[in-house]
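The values are calculated or read from the model by the stated rules, or taken from the named source; none is laboratory data. What you see is a predicted model, and the numbers here were worked out from it, not measured in a lab. Here the Cβ positions follow ideal geometry from the backbone for every residue, glycine too, while neighbour counts run over all protein chains shown. The accessibility values were calculated without ligands, DNA or RNA, using every heavy atom of the protein model including side chains. Shrake-Rupley method; radii C 1.70, N 1.55, O 1.52, S 1.80 Å.
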Amino acid sequence: MAKGIVGAEDCAALLEKLVTTNTCQPEGNEEKLGQMIADLFPDTVEKRWIDHGHGRASLALHIPGESPEGGLAFMGHMDTVSCGDPALWKCDPLSAQREGNMIYGRGTADMKGGLVSMIEAALALLKKGQPLKRDLWLCFTADEEAHGTGALAFSENGWLKDVSALVVAEPSAENIGLCEKGALWLRFSAVGALAHGSRPEIGINGVEKLMELVAKGQVAICANKAHTCLDPQGVGSMLRTTMAVTRLEGGIMTNVIPANAVMELDIRTLPSLPHDALLEKAQGLCQEMMEACPGLHLEMEVLNNRPAVEVAEEHQFVSLVKDCCKEAGIEPVCKGLYFYTDASQVVPALGCPFVIFGPGEDTMAHQIDERIDIHSMARVGDAYYAAMEKICL
């Protein structure tokens, strides 16, 4: 049984070191934190670096087994979002202040707590001193909160090509995440024709045309049923494919029909909606509108493209993770996540089963007074240890 392998106080001590090391966006400075993590492991562990420049780097710790095939990988990001206004926090967001079993600070839940569980489980496995049968990888990525630079590098460099399964250590309230929504951010630019505000019929209103485009897109793209994993009760529109206007600019004066306008959309997709098909549909809507309105020009630009990913609950790896949870004293509950993680960048490339499973509440991500329970890190660390034993030993 894995219960009690990872100690809560050990997790607390390590989390304090990670949180007090500032890796806030936009600077990141993940190389400094990565070096601290690498120094926790003996020289028998292979340490591979991916240099992204300007103090930003991703780290892979590789513990080789007798066979590289069928290994297990864990992944978590080292960067955090900005702290915002520190005056709004109950304590310094980079102080890792503790109150009882709770530690407060930026990144405690999202997701340095998950990094702690990964590290402590792997150190416990090394302490056992038993040679591994299969490879174990611990991957610490940079820039997840902005561009996914680190995860993209892992998807392209081939280091993880032989792993049989992946655990993404994002906060999941100790539930097992089986899918996550995709994200497609689009920018549309409209060029129409100026006119006097009293004669809108002789102009082409770029703002109104973009609003029309959104209305057509809502009908064409967002008319879908809820995903059963994301929304088991079949309610809650936020757990369907959604489209939100997050930026709309246009116009020069109140009495001038605007010719030019720019709009940005944040589209969150279900696994059943391929982004290539969505982009083709959006481009088709633009073409239809331009044909219906000679003189109108619409352009589309992709700002972010992260596909939705999912794994079947019946998969053998998911069953193994459920067993590991039980051994660690966690009741295994499967769910879907509506935010994206590094899984969106690496799972399509690796083609392996995965789970998104980590300590801490996902509702704490990016919040003022972000915090995590030290016992959550320990429980998840025990579950990670059990998975490492079952797959790598």
Label-point separation, residue 375 to residue 323 (7 Å along Cα→Cβ), nm: 2.7 nm
Length released on extending from residue 283 to residue 25, taking residue separation times 0.36 nm less the Cα-Cα span: 89.6 nm
Separation of the residue 127 and residue 255 label points, Cα + 7 Å toward Cβ, nm: 7.8 nm
Eligible lysines near residue 390 by straight Cα distance, threshold 27 Å, same-chain separation 8 or greater: 3, 47, 112, 127, 128, 133, 161, 322, 326, 335
Of all accessible heavy-atom area on the range 258-366, the percent that carbon and sulfur account for (1.4 Å): 49 percent
Helix 113-128 axis, angle to the chain major axis (alpha carbon atoms, nearest 10°): 30 degrees
FRET efficiency estimate (nearest 0.05) - Cβ-Cβ, residue 244 to residue 95, R0 56 angstrom: 0.95
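If I take every Cα pair under 8 Å that is 6 or more residues apart in the chain, average their sequence separation and divide by the length, what percent do I get for the relative contact order?
Across the chain, relative contact order equals 27 percent.
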Spacing of the two label points (7 Å from each Cα toward its C-beta) at residue 303 and residue 222, in nm: 1.6 nm
Computed log₁₀ I(q)/I(0) - Debye formula, equal Cα scatterers, no solvent, the range 1-51, q 0.14, 0.19, 0.20, 0.22 Å⁻¹: -0.51, -0.82, -0.87, -0.95
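Roughly to the nearest percent, how much of the accessible area of the range 141-200 is carbon and sulfur, given a 1.4 Å probe? Let's see the in-between values first.
Working: 1030 of 1910 Å².
Of the solvent-accessible surface of the range 141-200, carbon and sulfur hold 54 percent.
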Max mean-square fluctuation residue, GNM over the chain, Cα-Cα springs under 10 Å, options 264, 170, 30: 264
Between the range 138-200 and the range 14-32, the Cα center-to-center distance that results, in Å: 21 Å
Residue 35/residue 312 FRET efficiency (R0 35 Å; Cβ-Cβ; nearest 0.05): 0.35
Solvent-free Debye scattering, log10 I(q)/I(0), computed from the Cα coordinates of the chain at q = 0.07, 0.08, 0.11 Å⁻¹: -0.37, -0.47, -0.81
Between 0 and 90°, nearest 10: helix 8-19 axis offset from the chain longest Cα axis: 40 degrees
Surface per residue (accessible, 1.4 Å probe) for the range 297-368, Å²: 44 Å²
Angle between the chain longest axis and helix 374-392 axis [Cα atoms, degrees, rounded to 10]: 80 degrees
